[in-house]
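Each reported figure results from applying straightforward, stated rules to the coordinates on display, with no laboratory input. Predicted model, so just to flag it, every value in this text is computed and none were measured. Don't worry about glycine lacking a Cβ; one is built from the backbone with ideal geometry, like all the others, and counts go over all protein chains shown.
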């Protein structure tokens, strides 16, 4: 039933125990894909749920010996198809490896297994007066291992950066089952090449991350918040450019276009103005936050905001952030979504959003566009009816148009979601043939048999 030779299945059962080896077709189907609904998924042979690094090693030795493809998985909240099964593959879930092993308050470090949920870690370190900044919208579901594998960002990255800045050391199981430790716990270290940096964002194609040592920061001050409503996305982006060219360092600067505002409000009453064509949500957690938030509010008014509200009420701020985190489920109610993840220079934001409007009109599709505009990262989301062949074709043309538009203004095809399956065809366009060849060569060094997450990225 598993699609594997019985001898291989018996080896896996012997290595992990029967309760960690799942062959039920319904469970396999449910675990065969992430949230990139438009990406295809193959039929896996088996789902494995190891409890320890040692068990992961056992799995990889068996897979390597029999040349069985292995697809690493966390919570499967990704949006690029990187966790999607390939035919006959082992799905290797780290969900059971979910222990916080250490919180070091002197060195500001956390040691965690790969299956720890982001919000669980964030709440645990907050109790110690510390802060783990990376906070993707899926933070209450996504795992630290998955966050590292995709170099996840989030709402706070405009000030605090993305996952890469917080990974000190990794425990990684290689394709042949060998265990290596990359990096060091120290704040500084240049002993050899940066293999930790190489592993971050590799999407499970170079090794299985089983444990991480993460840097923490002192807990920030409570944030003050401003929300501004605009009559056009271009006006909002002009405000972003002015804010980011000033001396202000916001701790959060988020954008919702009109389509997104109305979708979120229809999904749940969050008090958002349905007539808005764009919104900015800005925060500061600096010692002089009141002054900085007032300055950001003033810049928004000067840029044409028709309504600006400032608040020091944590409940009001949390409601606004919750509205931002509800974007994906809200927009999904409008139809099938094809979510992009383009990062562009902040100085080109106005140009880029104006091109998005032209693409939507030309291809006759809806494009919702939320984003982390403080660092130029937008998520143009193409909405269409997947059962309508013509609509599906227009959506794919629009997808390519958006990719091309992002590159044309000096951007990148992915800021934080990764390449996965969704953007494989565009990766070499951005990198060029020589850099692509170098990256493929690195993949072959780590995984000469090509069994680690095949069909993804390269």
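Here are some notes:
- Peptides 83-90, 146-153 ranked from most to least packed, by the mean per-residue count of other Cβ atoms within 10 Å: 146-153, 83-90.
- Computed from label points 7 Å out along Cα-Cβ, the spacing between residue 231 and residue 7 is 7.5 nm.
- Between residue 313 and residue 165, full extension at 0.36 nm per residue minus the direct alpha carbon distance yields a gain of 50.3 nm.
- Estimated from helical segments only, the mean residue ellipticity of the chain at 222 nm is -11000 deg cm²/dmol, where each DSSP H run of four or more residues counts as -39500 (n - 2.57).
- Tensor-based shape of region 30-157 (alpha-carbon gyration tensor, a/c under 1.5 rounded, otherwise prolate or oblate): oblate
- Order by protection proxy (mean Cβ within 10 Å, highest first), peptides 21-31, 226-236, 327-337: 226-236, 327-337, 21-31
- Protection proxy ranking, highest mean first, for peptides 370-380, 167-177: 370-380, 167-177, where packing is the per-residue count of other beta-carbon atoms within 10 Å, averaged.
- Cβ-derived FRET efficiency at R0 30 Å, residue 120 paired with residue 185, nearest 0.05: 0.90
- Gyration tensor (alpha-carbon) shape descriptor, the chain, a/c threshold 1.5: prolate
- Residue 198/residue 275 FRET efficiency (R0 41 Å; Cβ-Cβ; nearest 0.05): 0.30
- The calculated FRET efficiency for residue 434 paired with residue 409, based on their beta-carbon distance and R0 = 22 Å, is about 0.45.
- Straightening the chain between residue 37 and residue 249 buys 72.7 nm, computed as 0.36 nm per residue apart minus the Cα-Cα spacing.
- Antiparallel DSSP beta bridges within the chain, percent to nearest 5: 85 percent
- Global geometry of region 205-301, whether rounded, prolate or oblate, following the gyration tensor of its Cα atoms and the 1.5 cut on a/c: oblate
- Maximal additional length on extending the residue 306-residue 104 stretch stands at 68.0 nm, based on 0.36 nm per residue less the C-alpha distance.
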